[in-house]
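Rule-based calculations on the coordinates, nothing more; no lab input. Everything numeric here is computed off the predicted structure, so don't read it as measured data. Cβ placement follows ideal geometry from the backbone for every residue including glycine, while neighbour counts extend to all protein chains displayed.
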Amino acid sequence: MQIVIPAHAAYRTIRLHGQRGPTPWESIASCPDRAAGVQSIVLFDRSEEARYLPDRAPNIDALINITRHRSRERALKAETLAAATRALLVMPNVHNLVFSATLSGDTPACHAAEAAFWGAISSHGSLRHLEYSQAVGSPTLLPRYTTDVRMYPFWSISDLTSLSVRHAAFLRHPPSVIQFSRVLRSSPALESLSIEAQVPSFDLHALLHDVRFPRLRTLALALAVHPAHSDPAAGALAAFLERTPTLEHAAWRHIDPGPLSPRALPSLRSLRAEVPDSPGGAGRGLLLRGGAELAALGPVCIAPRTVDAMALMRREALCLLDVAAFESIAMLVRAVRLFPRLRWLRVPAVDYWYAYAPATPAPVHLGEWVQLLGSLPTLEVFRGVSIFRDPELIGPDDNDQRARDLINICPRLQRVEHWDLEPTREIALTREGNRASWRVEVVDNPDERFTWWT
């Protein structure tokens, strides 16, 4: 297959599926004058088709010659990556790179191709935004280097402003993690950092202990750290947070940094902290320091001590609250009444009359949810509770009355949960004068417009 480019055209963004093979990259490399303007590259495989293929893209299987070894064909081949490397050599201005593909084998040719690829990327020094991800079940359990681990060209990448690494093989290899920290130290202007790895013994201290980011605004850490290693990881995270006052948006999973100093994180506006078996839920240690001006918080377990900590926050600031569990509906009402400008509220999506555990220890009837909504005059989205009923069981008139009641109780309410609690469907409410109406909407991500961390 040949890619035909008009003579006057210049490349700006290259987005290619790994199964397209080496031919497109060879075509690009043959046009160095036009390729010199490339600023963004996306190289992806089947795991990211939903994200990068357009809605009307042809079936990728029709574009390639599928063999009997179908499963191996789905991965990126060494010859394709080698062709991409040759194309990169004529692209001196690549600022953005998404590398979301897993090589097809654990062979010397694959390792050499990957090393050459990162060598081409680091040689130009123009890269500013990097997203690197591999499949969780990657066949490469540990990285294989063609030379000494310290000489691997990936570690020479520098001057990044955003970096996202997900399930890369080198995150499972402690010597590689130490070398990876060189990339962080060489990127002092980093504004966004995201790392995800299922590594029970991950050494967060080795990665972060001597790095400083005076401009960092966003941090996301999803590390499945084993409890035996949780204390060192928590200490490393706490120390990092203390020396990062510019942080505005933070998210972490399976780590709890514990209480910080009163002056820590003065710029923090959103916090998503998922810590299993944490009695206080999201970042209670951060809340207990007082004065937090968070605009978004969760998931949080609503209990007396947590509500007392939330009361120390600036009440006009919080707009979005994600609740993981609540001790009682009365305690939940007490918590939400603290924040007069709350616009988005989510509780666990369960049947609160018959299957309410583990969200809460007692059933909650509809009248109690109405009481809660009456405390939230600015609420626009309420997720997790099935207020409407299936029209085939009760008839449409009942839901019409529920819509009128909801609008009267909560005038700004726009979206609530579908009666089946399906995440891809929701109820949209509208108000025209004194009339209220409702309709079912099907959406890919019901909370996308209100997402405060992804």
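Quick rundown of the values:
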{"read-out": "Label point at Ala189 placed 7 Å out along Cα→Cβ; residues across the range 237-262 whose backbone nitrogen lies under 19 Å", "value": "246-247"}
{"read-out": "Label-point separation, Ala224 to Ile178 (7 Å along Cα→Cβ), nm", "value": "2.6 nm"}
{"read-out": "Least to most buried among Glu441, Glu368, Glu417 (fewest other Cβ within 10 Å first)", "value": "Glu441, Glu368, Glu417"}
{"read-out": "From phi via Karplus (6.51, -1.76, 1.60), per-residue ³J(HN,Hα) for the range 374-389 in Hz, x at Gly/Pro", "value": "x, 8, 10, x, 9, 5, 10, 9, 10, 10, x, 10, 8, 7, 7, 10"}
{"read-out": "Spacing of the two label points (7 Å from each Cα toward its C-beta) at Gln198 and Ala330, in nm", "value": "4.3 nm"}
{"read-out": "Zero-based 10 Å bins, Cα pair distances in the range 314-386, whole percents", "value": "20, 58, 21, 2"}
{"read-out": "Distant alpha-carbon pairs in the range 102-243 (separation over 19 angstrom), percent", "value": "51 percent"}
{"read-out": "Ranking of Ile178, Ile387 by count of other Cβ atoms within 10 Å, fewest first", "value": "Ile178, Ile387"}
{"read-out": "Inter-site label distance for Arg15 and His365 at 7 Å from Cα along Cβ, in nm", "value": "5.2 nm"}
{"read-out": "The range 308-355 and the range 201-224: distance between their alpha carbon centers, rounded to Å", "value": "30 Å"}
{"read-out": "Burial ordering of Leu338, Leu16, Leu372, fewest other beta-carbon atoms within 10 Å first", "value": "Leu338, Leu16, Leu372"}
{"read-out": "Rounded to whole Å, sorted largest first: equivalent-ellipsoid semi-axes of the range 193-242, Cα gyration tensor", "value": "19, 12, 8"}
{"read-out": "As computed over the range 334-454, the Cα convex hull volume per residue (Å³)", "value": "119 Å³"}
